[in-house]
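Taking it in order: structure first as structure tokens, then the write-up.
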Amino acid sequence: MALLGAGLWWYAGAVAAVVGTAAHGVFLGGALLLLRRLARGGAASSRRLRRRAMPLVLVADVLLVGIGLTTG
């Protein structure tokens, strides 16, 4: 996350760094919470990951491509 933010800051500025890393940060937080639940003995659900995590990853990746296309 730090390298992604630093690269975006250098390439496109502070606003692009915040926008580009925001959705990835939310996804990373959700993944860490899932790991915490798994460490306590809980079960992982692929349905939950597909419905909650993947849309965030899609939005984040589209934002990153959009930033690259609009500032490059």
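Can you compute the charge dipole magnitude of the chain about its Cα centre, using +1 on each Lys and Arg Cβ and -1 on each Asp and Glu Cβ, nothing else charged? Give it in debye, rounded to the nearest 20.
Details: 8 positive and 1 negative charges, 128 e Å.
That gives the chain a dipole magnitude of about 620 debye.
Multiplying the sequence separation of Met54 and Arg37 by 0.36 nm and subtracting their Cα-Cα distance, what value in nm do you get?
4.2 nm
Normalised by the number of residues in the chain, the mean separation of alpha-carbon contacts (under 8 Å, six or more apart) gives a relative contact order of 35 percent.
Among Arg50, Arg40, what is the fewest-to-most ranking by other Cβ atoms within 10 Å? Intermediate results must be reported in sequence, preceding the final value.
Working: Arg50 10, Arg40 6.
Result, fewest neighbours first: Arg40, Arg50.
Each pair of Cα atoms in the stretch 2-71 enters the Kirkwood radius, and Stokes-Einstein at 4 °C and 1.567 mPa s then converts it into a translational diffusion coefficient of 99 µm²/s. Estimated at 0.36 nm per residue, the fully extended path between Leu3 and Val18 surpasses their Cα-Cα distance by 4.2 nm. Across the options Val62, Gly20, Ala44, the greatest Cα extent toward the positive end of the charge dipole of the stretch 2-71 (unit charges at beta carbon of Lys, Arg, Asp, Glu) belongs to Ala44.
Every number here is computed from the coordinates shown, using simple stated rules; none is lab data. All figures in this text were calculated on a predicted structure; none of them were measured in a lab. Cβ: placed from backbone, ideal geometry, glycine included. Neighbour counts: every protein chain shown.
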